[in-house]
Every structure is written in C-alpha cells, then in structure tokens.
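Below is one structure, written out as structure tokens, with a few remarks after it.
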Amino acid sequence: MRGKQAPDGAFFMSAISSVQNRVTTIMPTPPPGPRLSTLILLSALGILPINIFLPSLTNMAVEFAVDYGVMSLALAAYAAVSACLLIVMGPLSDRFGRRPVILWGLAIFVTATFGCVAATDIRTFLACRMIQAVIAPTYAVALAVVRDTTSRERAAGKIGYIAMAWAVAPMFGPSVGGLLDEMFGWRASFWFLALFGIAVFALCWSDLSETNRSPSNTIAEQFRAYPELFASRRFWAYALCMAFSVGAFYAFLAGAPIASSAFALTPGTLGLYMGSITGGFMFGSYLAGRLAGRLPLNTTLIAGRIIACAGLLLGLALYISGVDHVTALFGPCMFVGISNGLTMPSANAGAISVRPKLTGSAAGLAGAITVMGGAVMSTITGAVLTEDNARVGLLFVMLGSATVALIAALIARHLERALD
C-alpha cells in the first residue's frame with residue numbers, strides 16, 4: 001500500500017497545479033497601466049487651459065475694467081506658476097504615487113475653474129487662474145506613468161501619441177473658445193474646462209491605478225534627488241535637447257506675425273499658416289509612435305533634429321535666392337514641427353530613464369527646463385526681430401535654437417554609447 005501512496009500523492013499535487021494554471025489562464029491579469037486614451041485626454045486637459053480663452057481677452061478686459069496688458073497676465077502668470085509646479089509635482093508623485101497626485105490636481109483644477117467662472121473682479125480671477133495651473137504638470141506625471149508601465153524604447157512610442165494631444169488642443173482651443181464666447185460669453189470657455197475636468201477626473205478615478213511600485217520614503221528624499229539629476233550629463237543632454245527644440249517653436253510663435261507682415265495676410269489666413277507647424281508636429285508625433293521599438297531611441301532623436309536644421313537651411317536658401325512667397329517662410333518652418341514631433345517623445349523617454357527611481361522628479365524637472373527654454377527663445381526673438389530683418393532674423397534664431405538641440409542630441413547619443 002505504501003508503494004502506491006507516493007504516486008497517488010504526486011498525481012494529486014499535479015492535478016492541483018494543473019487547476020491553478022487553468023485558473024491563472026482564465027482569470028484576467030490586471031492591466032500594466034491605464035488606457036492610452038486616458039493619458040491622451042489628461043494631457044489635452046493639461047494644455048487646453050493655456051489658450052482656449054485667448055479670443056475672449058478683449059471682452060474680459062472690458063468687463064473687468066482693466067487694460068489689456070493687465071488682462072494678459074492671465075497667460076503669463078499661468079505659465080510662471082506652471083513652471084514652478086512642474087518642479088514640485090514630479091517629486092510628489094515619486095513619494096505619494098501617481099494616482100493621488102493626478103486626482104488631487106484634477107480636483108483642485110476643477111475647483112479653481114469654477115472660481116474663474118464666478119469671479120467678479122480681476123484679482124479674484126487672476127488668483128483662481130494661477131491655481132488653475134496645477135493641471136499643467138499632470139502631463140509630466142502622465143509621462144512618469146508611461147515609463148512606470150512601459151520599456152524605455154516603447155515609452156517613446158506612447159509618449160509620441162500622447163504628445164499629439166499637445167498639438168491638437170492648441171490648434172482647436174482658440175477656435176472653440178471663440179465660438180463659445182460668441183454664443184454664450186467668455187465664461188462659457190471656463191464652464192467647458194470645468195466639465196471637461198470633471199469628466200477626466202471620473203475617467204482617471206476608474207482607469208488609473210497606482211503605477212509607482214517603489215515610492216520614496218520621504219518627500220525630502222525626492223528633492224535631494226535634484227542634485228543627482230543636475231549632476232547627470234545624460235539628463236542635461238536630453239533636457240537641453242527638449243528645451244531648444246521647443247525654443248525653436250516658441251521663437252516661431254513670437255516672430256511669425258511680424259515676419260509675415262510683408263505678405264499682408266489677414267488674421268484668419270495667418271492663423272492657418274501658423275497652424276502648419278502644429279500640423280507638422282502631429283505628423284512627427286505619429287511617426288514617432290510608428291517607429292518606436294523599430295529604431296533605437298537616439299536614432300529617432302537625431303533624425304528629428306537633422307530635419308529641423310535642414311528645413312531652416314532650406315528657408316534661408318530660398319530667402320537668399322530671392323524667393324518672395326509666404327510658403328517660402330512657413331514651408332520650411334513646418335519641418336520644425338515634424339522634427340519636434342519626432343524629438344520630444346524620444347528626449348522625454350531618455351530624460352526620465354536616466355534614474356529609474358526618480359522618474360517623476362526627472363519628468364517634472366525636464367518639463368520645467370523645457371518651459372524655461374521656450375520662454376528664453378521667445379524673449380530673444382522679440383528682442384532681435386524688427387520689421388526690416390524679421391524674415392531672415394526669424395529663420396536664423398530658429399536655426400540657432402535647432403542647432404543647439406542637435407548638438408545636445410549628439411551628446412546624448414555619445415553618453416549612451418559610453419554606458420554600453
């Protein structure tokens with residue numbers, strides 16, 4: 001009898017193992033991260049408040065009885081607070097998790113947006129407007145979610161698709177805001193933002209689980225991470241590549257109106273031409289998503305920067321050749337949009353992968369550096385351009401920024417190879 005017990009026991013354990021394997025196969029495993037559409041909508045909400053209300057600025061200045069310059073603080077103050085919060089919210093997500101930071105950011109944003117709707121004086125409005133900026137850094141936290149749940153190479157592809165939201169939202173935001181103003185008044189834009197924010201909050205509540213599996217012990221530990229990131233040459237290479245890539249785009253925004261003044265374009269036509277660079281960004285982001293995993297990250301990064309420099313050199317060649325047509329200005333600039341669509345996902349993925357345990361901090365710090373780079377280049381453009389040198393001056397400023405970004409990309413590739 002004893003001789004039979006061992007085989008019977010082995011058979012019994014084998015049966016249990018077989019059942020467990022079948023149960024594991026039948027029961028669905030939890031998804032590695034939220035749906036891509038969730039992160040895309042969250043990112044769109046992060047940028048839409050920047051410009052959806054811009055067509056209403058004149059009407060708002062009249063209602064609040066202030067100068068247009070005071071009213072424009074609604075844009076400048078928002079950008080300044082966004083840059084500061086980018087430095088803070090990344091470490092918070094590393095310490096407390098991605099989910100609570102995103103959900104609290106959405107809740108505060110919706111509350112502040114209702115405050116903008118109810119504001120009866122400029123001080124209240126600007127205060128609520130600055131609090132609204134809490135939504136902007138959720139884009140950086142969304143990138144950290146991608147990196148938490150995706151390999152380094154695949155992360156660039158997902159970031160490419162998410163980045164398309166940063167192209168679509170600015171394209172249609174002013175049009176939607178202007179239409180809402182004509183129909184219901186300027187407050188309708190903020191009602192739209194509030195309702196959109198509530199919808200995204202509900203979506204994130206149900207779809208966004210915590211992806212930060214190794215949170216830091218203290219928030220101070222995360223802020224102490226900044227010196228470590230600052231000391232990383234790879235991080236600086238990727239961050240500066242992003243800063244000067246975006247800097248070329250901001251230079252275009254600041255200089256295109258005066259550079260195109262010689263062509264006597266109507267505001268509507270100018271808007272369409274200026275949208276060409278955003279259309280190029282969408283196409284480049286799509287390409288980045290398709291190429292992710294097929295090409296090395298730094299190959300895509302450098303290819304994007306070469307496209308930008310080549311396009312701007314073409315623009316200068318057309319100018320020197322005496323080609324005096326509006327497409328000779330905006331056509332070459334469209335290549336900057338394509339290049340940024342290719343560059344930004346790869347540079348973002350590289351920056352947040354330098355220190356895997358500091359993903360949120362790296363995303364926030366890189367985002368802040370990028371915003372500052374755009375601000376610097378737009379300031380330089382405004383200081384350099386005049387009506388006499390506007391077209392060639394704009395191309396030179398954009399080329400200078402794109403060249404610095406290319407050098408940073410080449411340095412990043414060199415540093416990555418040194419690790420192999």
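For every residue, the table says whether it meets (1) in contact (Cβ under 8 Å) with a residue 24 or more places away in the chain; (2) among the small types (Gly, Ala, Ser).
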| residue | (1), (2) |
| --- | --- |
| Leu312 | yes, no |
| Gly350 | yes, yes |
| Thr381 | yes, no |
| Val384 | no, no |
| Ala390 | yes, yes |
| Ala405 | yes, yes |
Of the criteria (1) surrounded by fewer than 24 Cβ atoms within 10 Å (Cβ to Cβ); (2) modelled with pLDDT under 90; (3) under 23 Å from the mean Cα position of the chain (by Cα); (4) of a type in the set (Ser, Thr, Tyr), which one Thr327 fails: (3)
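Conditions tested, residue by residue: (1) at pLDDT 90 or above; (2) in the same structural domain as Leu265 (by TED's automatic domain parsing); (3) more than 30 Å from Glu228 (Cα to Cα).
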position: Phe281; (1), (2), (3): no, yes, yes
position: Leu287; (1), (2), (3): no, yes, yes
position: Asn298; (1), (2), (3): no, yes, no
position: Ala308; (1), (2), (3): yes, yes, yes
position: Gly337; (1), (2), (3): no, yes, yes
position: Thr359; (1), (2), (3): no, yes, no
position: Ile369; (1), (2), (3): no, yes, no
Just checking, which of Met344, Met334 is surrounded by 18 or more Cβ atoms within 10 Å (Cβ to Cβ) and either among the β-branched types (Val, Ile, Thr) or more than 28 Å from Val81 (Cα to Cα) (or both)? Met334
If I go through the stretch 264-279 residue by residue, how many of them are of a type in the set (Val, Ile, Thr), surrounded by 17 or more Cβ atoms within 10 Å (Cβ to Cβ) and at pLDDT below 75? 1
Take Ala243 and decide whether it is closer than 30 Å to Ser175 by Cα, in contact with a Gly (Cβ under 7 Å, 6 or more places away or on another chain), at pLDDT 90 or above and surrounded by 15 or more Cβ atoms within 10 Å (Cβ to Cβ). yes
Inspect the stretch 155-165 for any residue being crowded, with 24+ Cβ neighbours inside 10 Å, at pLDDT below 85, farther than 18 Å from Thr370 by Cβ and charged (D, E, K, R) and give the result as yes or no. yes
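The values are calculated or read from the model by the stated rules, or taken from the named source; none is laboratory data. On a predicted model such as this, the values are computed, not experimentally measured, just so you know. Neighbour counts are summed over all protein chains in view; Cβ atoms, including those assigned to glycine, are modelled from backbone coordinates with ideal geometry.
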